[in-house]
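> To start, I am sharing the structure in question, which I have written as structure tokens.
Only the coordinates and a few stated rules stand behind these numbers; no lab work does. Because the structure is a prediction, the values reported are computed rather than measured. Neighbour counts are summed over all protein chains in view; Cβ atoms, including those assigned to glycine, are modelled from backbone coordinates with ideal geometry.
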Ligand SMILES: NC(=O)c1ccc[n+]([C@@H]2O[C@H](COP(=O)([O-])OP(=O)(O)OC[C@H]3O[C@@H](n4cnc5c(N)ncnc54)[C@H](O)[C@@H]3O)[C@@H](O)[C@H]2O)c1
């Protein structure tokens, strides 16, 4: 078996636990005892001030947003917190969004319904693509070819086959192209990666993730603007290369429910879990994918299931052994609000969130070797039982107060790439490796088959 980072470094985790120095930012570790008597440590994790206030006047970056809806606008609001970043243009195919853009970011912001007008502008250095999924590939490719850096929302593509072109164009143009799975830039994901590499959970054998919602908004029944009409909406621009149909505001404003534009719960939500998992354990992805589920409750004309289960086989790779992954989304879940990613290994498990990692390690496993047990009992009879020093059963790593958050970190990483040409954390190859298994769930569910994927060659088999 090949050498593995986690396995190699197990001793370093045990060593640092013993020294009590698995600490970031010099924050103290607090040892507490829960009501059940379980011992646990809490450690704060942090990072230096986000930008230290330093920048030269030449560092200014002018950005535009294409698809200025919920996430496109949230992306702009985060990006412009970074010193030297200014928004100069916004594109959307619903006029209400363009009015909101001017209200939010100023009358001087150039607005248009046609994204090609944004790409033609010399005053735009980089663009945020916040459109529905079916537009991600084309706008990203056109933007890179026009010499712009790109932050493209997840999933990177609508169909797996579109990924190769994005990778090719990123390589040819050398543009800073970042996919928007912001969680992987979080302190929580970084801490989990550090713990994993230190061998904190031993040998990885299983991982699971879950997304539970139970509300109309959570299940994508968004409000349709009262003024939505063929006059206020550029329906043809919205539809693009998808199937031509008459104007339909429900399709336009609840696009996630329709396969022409969205990618179902797996493309929308599993993809975040893949990005984080791949970042933490250094994986290229699974090679065998199957999904099942159904439309259990939100029968509003949607074409995608509201309960979906995915199962994934990860082959052995340099940074991890072979393991299994199970993911679930449930939009009719009474426990609404639960989201987690858990990694399970031979010596413990960790629950990974963006601002917290909870590590549980099993107490020394009792030997089931009969001879060793008999010897142990013999010694105890002679000398009486000697008590042991126990490591903490649970260690919690928490982001320091005033942490700027994963979204800020992800944009800072991208805009540093735009500014200085440094590689970004979620480039097109990483983005496809996260998107492909999520999209393959749709192939599996709708075609009732197991999908084989080569995560190294990035091809369906
Ligand atoms: N990273 C995250 O946590 C996160 C969260 C939510 C959404 N997203 C992603 O962001 C994207 C947008 O999702 P949303 O919830 O903001 O949707 P949204 O409907 O609120 O916004 C999409 C906007 O794109 C516009 N649009 C559609 N086609 C266009 C075109 N050709 N040119 C210009 N504008 C166009 C729409 O009019 C709309 O205003 C999706 O890909 C989604 O997966 C990511």
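> For the stretch 166-244, what class follows from the C-alpha gyration tensor (a ≥ b ≥ c being the square roots of its eigenvalues): rounded when a/c is under 1.5, otherwise prolate if a/b is larger than b/c, else oblate? Don't skip to the answer; put the middle values down first.
On the way: a/c = 3.24, a/b = 1.63, b/c = 1.99.
Cα axes put the stretch 166-244 in the oblate bin.
> Still on this model: Could you work out the equivalent-ellipsoid semi-axes for the stretch 198-339, taking the square root of 5 times each eigenvalue of the Cα gyration tensor, largest first, in whole Å?
Numbers: eigenvalues 252, 59, 32 Å².
Largest first, the stretch 198-339 gives 36, 17, 13 Å.
> Something else about it: Under the 0.36 nm per residue contour assumption, what length would be gained going from the current alpha-carbon distance of residue 120 and residue 168 to full extension? Walk me through the numbers on the way to the answer.
Details: separation 48, 0.36 × 48 = 17.28 nm, distance 2.16 nm.
So the extension gain works out to 15.1 nm.
> Further question: Mind giving me the nanometre distance, one decimal, between the label points for residue 422 and residue 103, set 7 Å out from Cα along Cα→Cβ?
In this crude spin-label approximation the distance works out to 3.8 nm.
> Can you give the helix-only mean residue ellipticity at 222 nm for the chain, where every DSSP H stretch with n ≥ 4 adds -39500 (n - 2.57) and the sum goes over all residues, rounded to the nearest 500 deg cm²/dmol?
Values: 14 runs with 142 residues, N = 461.
The helix-only estimate for the chain comes to -9000 deg cm²/dmol at 222 nm.
> Here's something else I'd like to know. Just to confirm the number: angle between the C-alpha axis of helix 70-79 and the first principal axis of the chain, 0 to 90 degrees, nearest 10?
Once rounded, the angle reads 70 degrees.
> Right, next: Looking only at the chain, where both bridge partners belong to it, what percent of the DSSP beta bridges are antiparallel (to the nearest 5)?
Working: 48 of 81 bridges.
Just about 60 percent of them are antiparallel.
> State the extension gain, in nm to one decimal, for the chain segment bounded by residue 461 and residue 241, taking 0.36 nm per residue of separation less the distance between their alpha-carbons.
Working: separation 220, 0.36 × 220 = 79.20 nm, distance 2.63 nm.
Stretched fully, the residue 461-residue 241 segment lengthens by 76.6 nm.
> Quickly work out the residue 300-to-residue 59 label distance, labels modelled 7 Å from Cα along the C-beta direction, and quote it in nm with one decimal.
In this crude label model, residue 59 to residue 300 measures out at 4.4 nm.
> Once both labels are modelled 7 Å past Cα along the beta-carbon direction, what's the residue 227-residue 454 spacing in nm?
Placing both labels 7 Å along Cα→Cβ, they lie 5.3 nm apart.
> Another question, if that's okay. Using the alpha-carbon atoms, what tilt in degrees (0 to 90, nearest 10) does helix 163-173 show relative to the longest principal axis of the chain?
Relative to the chain, helix 163-173 is tipped by roughly 80 degrees.
> Can I ask one more? Could you work out how far helix 406-420 tilts from the main Cα principal axis of the chain, as a 0 to 90 degree angle to the nearest 10?
Once rounded, one gets 60 degrees.
> If you average 1/r over all unlike Cα pairs in the chain and invert the result, what Kirkwood radius do you get in angstrom? Mind dumping the intermediate values first?
Working: mean 1/r = 0.0419 Å⁻¹.
Here the Kirkwood hydrodynamic radius works out to 23.9 Å.
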